[in-house]
Ligand code: PMP
């Protein structure tokens, strides 16, 4: 048995993998794979439209928002967001709470003035109080990352921006908890953590923010162009979108987004409790309030690399893969995305307790 605790691309629901396998050579009696179909044919068009419909339904997306399916990953959106939205005033505010929002901030500086809302800390372990933020009333938008995949810092609130459009990177906690879409100007998320394989990025954007792209914006990144063509202005990643649509059905069968949140709370509190009750054998650097339900970084004995290597080796022998922390923070990181079952998390938790007993 192998359990894949990777940060993304990540574990996908077994049930969906099997479903897709069954349909791989013959989709719904068509005699061909979805991979081989025209992106403008009736069969694929239905798959595409159903995927968008499911996103709208699962997240309760209001009518004045468009759902776009784009390529270029989260990184592509670092540029696209800026090229499409910064034109209004030429500047934007960035809330930098980890390495991904830092990357987005750096990218934005290519297209306008990007301001840090608070100074960049040396280590990303918390979210400064909103009263300390310096928001620019003239910003075209305020940007943040809801869950920092590398650092394990997750927001437990939606920033207040006083009517300036709020832009959110939800790549690593998308569809893991409910949220009020109407509080946002734009939300984007790469698929490869919670909703499918890599290759498609979901963008949810309020209608009034569409149509203001800088002249240099490539058409594939221009939200107006993508929206006008219902995300088929060029060939979309058809098979990936099909796969995601199957994951959406799986989420619906498993309690919807609230069901995913309940599971995430259960799985992550199991591991955090073990960390907290280990007498500092395991330590998580993140402030308790902002500890991520999706990505849980921790060290062993204050960063004993020999012991951490031993932990990873033993874990792999038991089939638990990809638990190594990101190279920039070291240690261990477990990711507990939607497809990780409670049993998977319990298995890891049991191993952590045993490893603690044998090495404390
Ligand atoms: N944002 C977040 C929060 C991420 O975790 C990642 C990495 N998967 C990215 C953006 C960049 O995504 P991509 O590799 O798809 O460009």
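Only the coordinates and a few stated rules stand behind these numbers; no lab work does. All values reported here derive from a predicted model rather than from experimental measurement. Positions of Cβ are backbone-derived with ideal geometry, glycine not excepted, and every protein chain shown enters the neighbour counts.
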Report task. Within the stretch 323-339, find all residues whose amide N lies under 17 Å from a label point positioned 7 Å from the Cα of residue 301 along Cα-to-beta-carbon. Result -> 331-332
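Can you order the peptides 133-139, 54-60, 26-32 by their average number of other Cβ atoms within 10 Å per residue, highest first?
Most protected by this proxy first, the peptides run 54-60, 133-139, 26-32.
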Report task. Report the dimensions of the stretch 159-317 along its three principal axes from the alpha-carbon atoms, largest first, rounded to Å. Result -> 56, 40, 35
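Among rounded, prolate and oblate, which fits the stretch 128-192 when a ≥ b ≥ c are the square roots of the eigenvalues of its C-alpha gyration tensor, a/c under 1.5 means rounded, and a/b larger than b/c means prolate? The partial results should precede the final answer.
Numbers: a/c = 1.93, a/b = 1.45, b/c = 1.33.
Cα axes put the stretch 128-192 in the prolate bin.
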Report summary line: Distribution output for the stretch 140-248: share of Cα-Cα pairs per 10 Å bin in percent, first bin at 0, values 13, 41, 37, 9, 0
**Report entry** Spread of Cα-to-Cα distances over 10 Å intervals beginning at zero, given as percent, for the stretch 190-232
**Finding:** 25, 46, 26, 2
Query raised in the report: Most fluctuating residue of 217, 235, 178 in a GNM of the chain with Cα springs under 10 Å: which is it?
Result: 235
Requested in this report: Please state, rounded to one decimal and in Å, the Kirkwood hydrodynamic radius that the chain gives when every pair of distinct Cα atoms enters the mean of 1/r.
Outcome: 21.3
Requested in this report: Find the Rg to Rh ratio for the stretch 98-153, where Rh is the Kirkwood radius over alpha-carbon pairs and Rg uses the same atoms.
Outcome: 0.94
Report summary line: Length gained, residue 88-residue 180, 0.36 nm per residue minus C-alpha separation, equals 30.6 nm
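Ranking 332, 158, 205 by Cβ neighbours within 10 Å, fewest first, what do you get? Before the final figure, lay out each step's value.
Values: 332 21, 158 14, 205 24.
Starting with the residue having the fewest Cβ neighbours, the order is 158, 332, 205.
Which semi-axes, in whole Å and largest first, does the equivalent ellipsoid of the stretch 49-104 have when worked out from the alpha carbon gyration tensor as the square roots of 5 times its eigenvalues?
Details: eigenvalues 129, 43, 29 Å².
Calculated on Cα positions only, the semi-axes equal 25, 15, 12 Å.
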Requested in this report: Among 140, 328, 278, determine the one that fluctuates most according to a GNM of the chain built with springs between C-alpha atoms less than 10 Å apart.
Outcome: 328
Query raised in the report: What is the stretch 229-360 by shape, rounded, prolate or oblate, if you read a ≥ b ≥ c off the alpha carbon gyration tensor as root eigenvalues and call it rounded for a/c under 1.5, prolate for a/b larger than b/c, and oblate otherwise?
Result: prolate
Query raised in the report: Using the Cα gyration tensor of the stretch 63-216, with a ≥ b ≥ c the square roots of its eigenvalues, what is the shape: rounded (a/c below 1.5), prolate (a/b larger than b/c) or oblate (neither)?
Result: rounded
Report task. Return 244, 284 ranked ascending by Cβ neighbour count within 10 Å, so the fewest neighbours appear first. Result -> 284, 244
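For 329, 226, 342, which order do you get if you count the other beta carbons within 10 Å of each Cβ and list the fewest first?
Values: 329 19, 226 26, 342 14.
The order, fewest Cβ neighbours first, is 342, 329, 226.
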**Report entry** Rh by Kirkwood over Cα pairs, then Stokes-Einstein D for the stretch 1-146 at 1.567 mPa s and 4 °C, µm²/s
**Finding:** 68
Query raised in the report: So how far apart, in nm, are the two label points at residue 207 and residue 19 if each is 7 Å from Cα heading toward Cβ?
Result: 3.2
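Report the Rg/Rh value for the stretch 1-79, based on alpha-carbon coordinates and the Kirkwood definition of Rh.
Details: Rg = 15.8 Å, Rh = 15.5 Å.
Ratio of gyration radius to Kirkwood radius for the stretch 1-79: 1.02.
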Query - Mean ellipticity per residue at 222 nm, deg cm²/dmol - from DSSP H runs of n ≥ 4 across the chain, formula -39500 (n - 2.57) - result: -11000 deg cm²/dmol
Requested in this report: Give the relative contact order (percent, whole number) for the chain; include only Cα pairs under 8 Å separated by 6+ residues.
Outcome: 23
Requested in this report: Determine the percent antiparallel among the DSSP beta bridges restricted to the stretch 69-214, to the nearest 5.
Outcome: 40
